[in-house]
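The values are calculated or read from the model by the stated rules, or taken from the named source; none is laboratory data. Computed from a predicted structure; not experimentally measured. Note that we place each Cβ from the backbone using ideal geometry, even for glycine, and neighbour counts take in every protein chain shown. Just so you know, the surface numbers come from the protein's heavy atoms only, side chains and all, with ligands and any DNA or RNA stripped out. Shrake-Rupley method; radii C 1.70, N 1.55, O 1.52, S 1.80 Å.
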Amino acid sequence: MKIYNSYTRKKEEFKPIEEGKVRMYACGPTVYNYFHIGNARTFMFFDVVKRYFEFIGYDVNYVQNLTDIDDKIIAQAIEEDVKASKVAEKYISAFNEDRAKLGIDTPTHQPKATKYIKEMIRFIKELVDNGFAYEQNGDVYFSVDSFKGYGSLSGRKVEDLIAGARVAENTAKKNPADFTLWKDAKPGEPEWGSPWGKGRPGWHTECVVMSKDLLGVPFDIHGGGTDLLFPHHENENAQAKALYHSELAKVWMHVGFLNIDGEKMSKSLKNFFLAREVLEKYDSETVRFYFLSKHYRSPIDYNAEILAESEKAVANFYDALSMIDIKEVRALTVDDSMSKYEEEFNAAMQDDFNTAKAIAVLFDLSKSVKNFSVEESDRKMAASLLLKLGGSLGFFQNPEEKLKSGESSEELVKLLIKCRNAFKKEKMWQYSDMIRDELKGLGIVLMDTPDGTKWTRK
């Protein structure tokens, strides 16, 4: 398996630190509001990474944090006139609800930042004691000058960061590029006692402390959106490397932006759609197909037409599955006749998680299921592998329920086929052809076979 490592800027062979195990951390939400569909792309991709590693036999320890103390949470609390903890509780619940609706598995651990305050204070104190951080008026800053490797993950130079820093923010810092580890609390804000006075930890420190506690240092994979590469991941890695003399993670993975009209979708730009709003129009598998049909590192545009095409593509898979007995094929052991499909699928996924190529294999399998010119046993074997491989991407989580919901429309198609056959028997070709053509216009293709008329969607 090869994975593109943002740290080295190239694909590298993946070798887990501990054989047979993958320890992975992906940055979760700051819970001040509902998450948008751009966030969902990142959350869903790392769900696929977890699923696929498990599919090929790894024991995966997957941590996704919940940032439940932050400036944005405090601002939302003021707006809603409630405590910051209430805001966090509300949107943690909403996050997990929307995550489940998207078909995203619960991570192994979902640590909350507020549960690790004591550990964060100890960590910051160690940085101060070792000369990597300093206190100014109740705030504590990481000194980038004390750490020669700063900028190595993102490829940024300290001198460029100094030139781009705003003067108004620099007065308390020794270097304009220094970043906050501990914030002095303002009146009315949530606060915890510390050696530097009452305050709260900075975001960049939270992830280091939680990931070390649950995964150790270094761990295998650290992930997030491209926007987190700098400053968040750079600042995380700097703290870990300064104190532990080790990269925080061996491999750093970053998911491309979801754009609107060429601009990154974000709440700050007010050009976003909430995940729960999108799920009112499209089901979770349509959204999953939409994201996975493009390579995870590539930016994609939010596009209603492509989502509609994704909906049809998912329907195509279920059309194939509707032609066999799900319970029967689930119990089948896939034999060597299907090995080329499995090899192509794994080759795609093990080439930096190329889900677009992997999905192409699913289409080939669905065609095989619909091919009535081959032995029924081969069609069932193809259906079994379609379920198996698709499941490793998070599709077909409840195919029986999905197929059941489409039974009424299928019954109507079957009824029209009966009518068409009756017209053909009476040689009323005009009407039989009309039914065939009308169904074709609706995307339903009829196939006359020795075993009767079969149908599928285009």
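Once backbone amide H atoms are built at 1.01 Å from N, Val251 has Ile221, His222 as its partners under 5 Å, excluding neighbours fewer than 5 places away on the same chain.
Can you tell me what the convex hull of the Cα atoms of the stretch 74-165 projects to on average, as an area in nm²?
Working: hull surface 39.5 nm².
Spelled out: convex hull of the Cα atoms, projected over all directions, averaged, 9.9 nm².
Report the per residue volume, in Å³, of the convex hull enclosing the C-alpha atoms of the stretch 1-134.
157 Å³
Only protein heavy atoms count here; under a 1.4 Å probe, Trp203 has an accessible surface of about 80 Å². Give me Rg over Rh for the stretch 238-303, both radii from the alpha carbons and Rh done the Kirkwood way, two decimal places. So for the stretch 238-303, dividing Rg by the Kirkwood Rh gives 1.14.
The spacing between the stretch 354-405 and the stretch 25-39, judged by their C-alpha centroids, is 31 Å. Shape class of the chain from the Cα gyration tensor (axes a ≥ b ≥ c, square roots of the eigenvalues): prolate, since a/c reaches 1.5 or more and a/b is larger than b/c. Only protein heavy atoms count here; on that basis, with a 1.4 Å probe, Leu243 has an accessible area of about 20 Å². Gyration tensor over the Cα atoms of the stretch 37-93: the corresponding equivalent ellipsoid has semi-axes (square roots of 5 times the eigenvalues, largest first) of 33, 12, 8 Å.
Averaging the sequence gap over all C-alpha pairs within less than 8 Å and six or more residues apart, then dividing by the number of residues, gives the chain a relative contact order of 16 percent. Using only side-chain charges placed at the Cβ, +1 for Lys and Arg and -1 for Asp and Glu, the dipole size of the chain relative to its Cα centre rounds to 260 debye.
Nonpolar atom fraction for the chain, defined as the carbon and sulfur part of the 1.4 Å probe accessible area, stands at 49 percent.
Protein heavy-atom accessible surface, 1.4 Å probe, per residue over the chain: 48 Å². All C-alpha pair distances within the stretch 269-374, sorted into 5 Å bins from zero, spread as 2, 10, 16, 20, 19, 14, 9, 5, 2, 1, 0 percent across the bins.
In plain terms, the chain from Lys21 to Asp378 could stretch by 125.0 nm, reckoned as 0.36 nm per residue minus the Cα-Cα distance.
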